[in-house]
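Okay, structure first, notes after.
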2 protein chains.
Amino acid sequence: NVTAGKPAFVAVDWGTSSFRGWLMTADGNALAETRGPEGMLHCATAGFAPVLADHLARLGGMQNLPVLICGMAGARQGWIEAPYLHTPTRLDALHDGAQRVDTQGDVRILPGIAQADAAAPDVMRGEETQLLGVTEPGFTGLVCIPGTHSKWVWIESGSVVSFTTYMTGELFSVITQHSILKHAVDHDAPSPAANDAFRDGLQRALDAPAGLTASLFSLRAAQLLGFQQQADGTARLSGLLIGTEIADAGSRYGTRHPVRLIGAGALKDLYASALAAAGFDVTIVDAERASQHGLTKAAIHLWGAQFT
Amino acid sequence: NVTAGKPAFVAVDWGTSSFRGWLMTADGNALAETRGPEGMLHCATAGFAPVLADHLARLGGMQNLPVLICGMAGARQGWIEAPYLHTPTRLDALHDGAQRVDTQGDVRILPGIAQADAAAPDVMRGEETQLLGVTEPGFTGLVCIPGTHSKWVWIESGSVVSFTTYMTGELFSVITQHSILKHAVDHDAPSPAANDAFRDGLQRALDAPAGLTASLFSLRAAQLLGFQQQADGTARLSGLLIGTEIADAGSRYGTRHPVRLIGAGALKDLYASALAAAGFDVTIVDAERASQHGLTKAAIHLWGAQFT
């Protein structure tokens, strides 16, 4: 195969607060990587084109290669808007919604997906590309993408049918930084592990997910009364919030479907443990590989003819 | 009645971030009031005695009257600790736990109540005095005290049997100030009213209380997609959080018992509306009157002989 190992395009995951770019082969391997903190929020004032040019230079000056971007760069407040596709929508048609940017070279941004349902409105940008990356065209099942705004996605025969976003990661952050529970966690501790405290919090939430706002105060009271230790607070809070998410998702989508978990690092391990405890059959996929694969599949649709 | 209208004692509700004092008659009427921002957090560094002396002076220099305090001044990090009574505990025996402060005059602090149950640990300080104020010695039923940390209390024959604290008010505050939902609320709007948006959020939470962390993100997505207006965000968020609390409390304690609602201002109105929508039979009591009545009942136990 004469194309193996040859740079074919540049893949970019351009989020709210980070830039990640890879020099990709046509068969989906990353030859080089560049990353930085110049996310959409930064570029909305400082500009997008210079940041991209800088990262392309870091990848070896590949200005002649096409660039495919996913994520918040395509939001209304981003570089150019790549309007949302609406559910139900086929993942293998994502590339049809790509918007070409009026800039040097061939630079395109993939669209997000919206669930324009007044009873369950929801949006994603970036995750749709990971979904494309981890599913076959005929895939039916669930995908869980934990994070600041965790996504649960129900896919039927390769189409995104419905999805639900949970503010799990963001609640963890604001609660530990700004609420009375800042006294109930150890801010110097490493990321929470799937330890006994995590499992206790998780089980409490799985058993009584409607009681989250009471369980949060209870975490503080348990320490005041000597039943629990501050060192366990972070893991326990993490278990409570993740358990609340999983309990609700399980009641929406059922637990009998296999779940593909797209994650990285400690959070991936916490969710893998929690999903297993809740009775899900889980397959784990690395988050960056999911983005790279999704961008590659879409790039082949857009430029496959010139990759050969 | 020769004692009517005569100052008998000074009642103080000394919270985390506020001081409220009243010159009281033996039959529970407030003759004068003083209030300030010198709560427990302030006094823990600046001292408690000077703040009390200053407020006594504002009440007319009544240094010879006994002073009864409830609230966080009795916490471990307060003036002196008035150790928690433990559930189940009779409200008309609260005064037995009062701690006398080593200071000028007869100054005592009422204890809080702890639920020292490893499966449902909880604490209150200040609310126990309001409970005493709004219940008869043989009262059986529920009391709801909305606020930063809302309390639901189950009382049987005048004893606090169990209670649950919800972080409702604090979550509202940190979410509107520090999360992505700060863009979904109108920060210049007045306090949320029990309007259509409030009722929508309330009903959504009553129907699916386990879905709170999804409903929060949905509020943002609904505005992005044009289904909802930012002007309604505050009321809708308030409905979601209050509804989640009431749904969980209803499933814990049942909805067939009458509820005494201790509240003030806009929050009292929101809860009265929400409790009625959830099927509770509600009696409303003003929060300051509840504190004054509770402090008076306890003061009569402590000093009744000298009030005549």
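Filtered by the rule that a residue be of a type outside the set (Asp, Glu) and over 12 Å from the mean Cα position of the chain (by Cα), segment B:135-157 gives B:Thr135, B:Pro137, B:Gly138, B:Phe139, B:Thr140, B:Gly141, B:Leu142, B:Trp154, B:Ile155, B:Ser157.
Out of A:Ala73, A:Ala44, which single residue is under 24 Å from the mean Cα position of the chain (by Cα), closer than 22 Å to A:Gly112 by Cβ and buried (at least 20 other Cβ atoms within 10 Å of the Cβ)? Before you say what the answer is, go through the steps one by one.
Values: A:Ala44 fails: buried (at least 20 other Cβ atoms within 10 Å of the Cβ).
So the residue among A:Ala73, A:Ala44 that is under 24 Å from the mean Cα position of the chain (by Cα), closer than 22 Å to A:Gly112 by Cβ and buried (at least 20 other Cβ atoms within 10 Å of the Cβ) is A:Ala73.
On inspection, A:Leu68 qualifies as touching a residue at least 60 places away in the same chain (Cβ under 8 Å), surrounded by 23 or more Cβ atoms within 10 Å (Cβ to Cβ) and within 24 Å of A:Ala290 (Cα to Cα). Only residues that are buried (at least 17 other Cβ atoms within 10 Å of the Cβ) and touching a Ser or Thr at 6+ places or on another chain (Cβ under 7 Å): list them for segment B:76-93, please. The answer is B:Thr87, B:Thr89, B:Leu91.
Show the residue pairs that are 6+ apart or on different chains and have beta-carbon atoms under 9 Å apart, the first residue being within segment B:106-122 and within 14 Å of chain A (Cβ to nearest Cβ), the second being basic (Lys, Arg) and assigned to a strand (DSSP E or B). Close Cβ pairs (under 9 Å, with a partner that is basic (Lys, Arg) and assigned to a strand (DSSP E or B)) amount to B:Asp122/B:Lys151. Within segment A:17-41, the set of residues being more than 18 Å from A:Leu295 (Cβ to Cβ) and buried (at least 18 other Cβ atoms within 10 Å of the Cβ) comprises just one member, A:Glu38.
Only residues that are crowded, with 18+ Cβ neighbours inside 10 Å and charged (D, E, K, R) were counted in segment B:150-167, giving 1.
When segment A:195-216 is filtered for residues that are away from every other protein chain (no Cβ under 12 Å) and not in a helix (DSSP H, G or I), only A:Asn195 remains. Across segment A:134-157, what is the number of residues that are away from chain B (no Cβ under 14 Å) and assigned to a loop (DSSP other than H, G, I, E, B)? Here the count works out to 7. Pairing residues of segment A:157-181 that are under 22 Å from A:Ala266 (Cβ atoms) and at pLDDT 95 or above with residues that are acidic (Asp, Glu) and not in a helix (DSSP H, G or I), at Cβ distances under 9 Å and at least 6 apart in sequence or on separate chains, gives A:Thr165/A:Asp122.
Residues that are touching a Ser or Thr at 6+ places or on another chain (Cβ under 6 Å) and not aliphatic (A, V, I, L, M) within segment B:215-242 comprise just one, B:Phe217.
Number of residues in segment A:225-273 that are over 22 Å from B:Ala120 (Cα atoms), more than 13 Å from chain B (Cβ to nearest Cβ) and not hydrophobic (A, V, I, L, M, F, W, C) equals 12.
Of B:Leu56, B:Leu131, which residue is under 17 Å from B:Gly158 (Cα atoms) and in a helix (DSSP H, G or I)? Give the derivation first.
Working: B:Leu56 fails: under 17 Å from B:Gly158 (Cα atoms).
Only one candidate passes the filter, namely B:Leu131.
Only one of the numbered conditions (1) out of contact with any Leu (no Cβ under 6 Å at 6 or more places or on another chain); (2) farther than 15 Å from B:Ala119 by Cα is not met by A:Thr168, and that is (1). Is it fair to say B:Ala277 is surrounded by 21 or more Cβ atoms within 10 Å (Cβ to Cβ), more than 14 Å from chain A (Cβ to nearest Cβ) and not hydroxyl-bearing (Ser, Thr, Tyr)? For B:Ala277, the condition - surrounded by 21 or more Cβ atoms within 10 Å (Cβ to Cβ), more than 14 Å from chain A (Cβ to nearest Cβ) and not hydroxyl-bearing (Ser, Thr, Tyr) - is not met. Residues in segment A:105-128 that are farther than 16 Å from A:Ala73 by Cβ and outside any strand (DSSP E or B): A:Ala116, A:Asp117, A:Ala118, A:Ala119, A:Ala120, A:Pro121.
The values are calculated or read from the model by the stated rules, or taken from the named source; none is laboratory data. These figures come from a predicted structure and were not determined experimentally. When we count neighbours, we look across all protein chains shown, and the Cβ atoms used for this are built from the backbone with ideal geometry, even at glycine.
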